1. Given Tyr127, Tyr45, Tyr78, which one is open to solvent by 20 Å² or more (accessible area, probe 1.4 Å), touching a helix residue (DSSP H, G or I) at 6+ places or on another chain (Cβ under 8 Å) and within 30 Å of Ala235 (Cβ to Cβ)?
2. Given the condition open to solvent by 50 Å² or more (accessible area, probe 1.4 Å), in contact with a helix residue (DSSP H, G or I) (Cβ under 6 Å, 6 or more places away or on another chain), of a type outside the set (D, E, K, R) and in a strand (DSSP E or B), answer yes or no: does some residue in the stretch 163-181 qualify?
3. Within the stretch 186-212, which residues are out of contact with any Gly (no Cβ under 8 Å at 6 or more places or on another chain), open to solvent by 40 Å² or more (accessible area, probe 1.4 Å) and not hydrophobic (A, V, I, L, M, F, W, C)?
4. Please verify whether the stretch 58-69 includes one or more residues that are without any contact (Cβ under 8 Å) to a residue 24 or more places away in the chain, surrounded by 14 or more Cβ atoms within 10 Å (Cβ to Cβ) and part of a loop (DSSP other than H, G, I, E, B).
5. Could you tell me which residue of the stretch 222-257 is surrounded by the most Cβ atoms within 10 Å (Cβ to Cβ), considering only residues that are of a type in the set (A, V, I, L, M, F, W, C), more than 18 Å from Leu70 (Cβ to Cβ) and in contact with a strand residue (DSSP E or B) (Cβ under 8 Å, 6 or more places away or on another chain)?
6. Restricted to the stretch 97-124, and to residues that are of a type in the set (A, V, I, L, M) and assigned to a strand (DSSP E or B), which residue is surrounded by the fewest Cβ atoms within 10 Å (Cβ to Cβ)?
Amino acid sequence: METEKINLKLSILTGSIVLLLFFGVSTSQAQALIDFETGLISTGYNNVRIPGNNGTLFSLKNDLASKTELYYRIRLNYTVGSRHTFSILYAPLETRSNGSVPFDIIFQGAEFKANTDLTGDYKFNSYRLTYRYDIVKRPRIEFGLGFTAKIRDARIALSSAGFTEEKVNVGFVPIINFRLLWNIDNNFGFLLDGDALAAPQGRAEDVLLAVAYTLSDRFKIRAGYRILEGGADNAEVYTFSLFHYAAVGLSYSFTTR
């Protein structure tokens, strides 16, 4: 039953993407944008307890050691009528932690003995479909609010001496989208952009603060700091994590008719 629900959500998201792309392309005039972001990602904290009610709480950052790694994400935007923006984002995230701990760990019902070599794998790939409306659209200030339909592809695994246990989860999350751009002049500006939502079941924040520079009518670059934070607390799983990004991005825009 759970697999059928996941497949249904994936089908709905895929169908929505196709319809929005068709709408954007078939509009008499729309601005398309391709955006690529990369940089370094480091773990602020990554606390795990699986199952959430009787597993062992441990850290993939403090108990095991994680490394700073490269990351990337790709976004495709269509802006119709100057204020309506549809976007598709692919944002993969995978980290690995290594080490040993001075206590036994109960994870997914299995016991990992103290002082043995452990490897922890954390994956949180994100696929997002966003609609945003620019409430303010002026030469110096742009501000928009919207809605993001997010599908997470998550996996947390713990391994020791060829033995592995894992928790896999694919699910749908609705999030609020926002974007604020303050243009200081014709070239430089400050950008605040992200998705965020908090609920009793958990929370999620993915926010970028960057300096943007316009190279030409088609090319823009940016550099800044991104924060990704969130998690869930229930009987099935307890997991809360924070990641810091040193981000640089390049976007290319063109007009379709």
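The values are calculated or read from the model by the stated rules, or taken from the named source; none is laboratory data. Computed from a prediction, not measured in an experiment: that's the story for all the values here. Cβ: placed from backbone, ideal geometry, glycine included. Neighbour counts: every protein chain shown. Only protein heavy atoms, including side chains, enter the accessible area calculation; ligands, DNA and RNA are left aside. Shrake-Rupley method; radii C 1.70, N 1.55, O 1.52, S 1.80 Å.
1. Values: Tyr45 fails: touching a helix residue (DSSP H, G or I) at 6+ places or on another chain (Cβ under 8 Å); Tyr78 fails: within 30 Å of Ala235 (Cβ to Cβ).
On inspection, the qualifying residue turns out to be Tyr127.
2. yes
3. Looking only at the stretch 186-212, we keep the residues that are out of contact with any Gly (no Cβ under 8 Å at 6 or more places or on another chain), and these are 186-190, 192-201.
Add one more test, that the residue is open to solvent by 40 Å² or more (accessible area, probe 1.4 Å), and what stays is 186-188, 190, 192, 197-201.
Passing the criteria: Asn186, Asn187, Pro200, Gln201.
4. Step one: list which residues in the stretch 58-69 are without any contact (Cβ under 8 Å) to a residue 24 or more places away in the chain, which gives 59, 62.
Subsequent filtering for residues that are surrounded by 14 or more Cβ atoms within 10 Å (Cβ to Cβ) retains 59, 62.
The next check asks that each one be part of a loop (DSSP other than H, G, I, E, B); those that pass are 62.
Yes, the conditions are met somewhere in the stretch 58-69.
5. Step one: filter the stretch 222-257 for residues of a type in the set (A, V, I, L, M, F, W, C), giving 223, 227-228, 232, 235, 237, 240, 242-243, 246-248, 250, 254.
Now restrict to residues that are more than 18 Å from Leu70 (Cβ to Cβ): 232, 235, 237, 240, 242, 254.
Next cut, in contact with a strand residue (DSSP E or B) (Cβ under 8 Å, 6 or more places away or on another chain) only: 232, 237, 240, 242, 254.
Details: Ala232: 19, Val237: 21, Phe240: 16, Leu242: 17, Phe254: 11.
My answer is Val237.
6. Within the stretch 97-124, the first condition is being of a type in the set (A, V, I, L, M), and the residues that meet it are 101, 105-106, 110, 114, 118.
Filter once more, keeping what is assigned to a strand (DSSP E or B): 105-106, 110, 118.
Numbers: Ile105: 24, Ile106: 17, Ala110: 13, Leu118: 22.
Only one residue fits best here, namely Ala110.
Results for (1) assigned to a strand (DSSP E or B); (2) at pLDDT 95 or above; (3) closer than 30 Å to Thr148 by Cα, shown as yes or no for each residue.
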{"residue": "Phe36", "(1), (2), (3)": "yes, yes, yes"}
{"residue": "Asn46", "(1), (2), (3)": "yes, yes, yes"}
{"residue": "Gly52", "(1), (2), (3)": "no, no, yes"}
{"residue": "Thr56", "(1), (2), (3)": "no, yes, no"}
{"residue": "Thr79", "(1), (2), (3)": "yes, no, yes"}
{"residue": "Thr95", "(1), (2), (3)": "yes, yes, yes"}
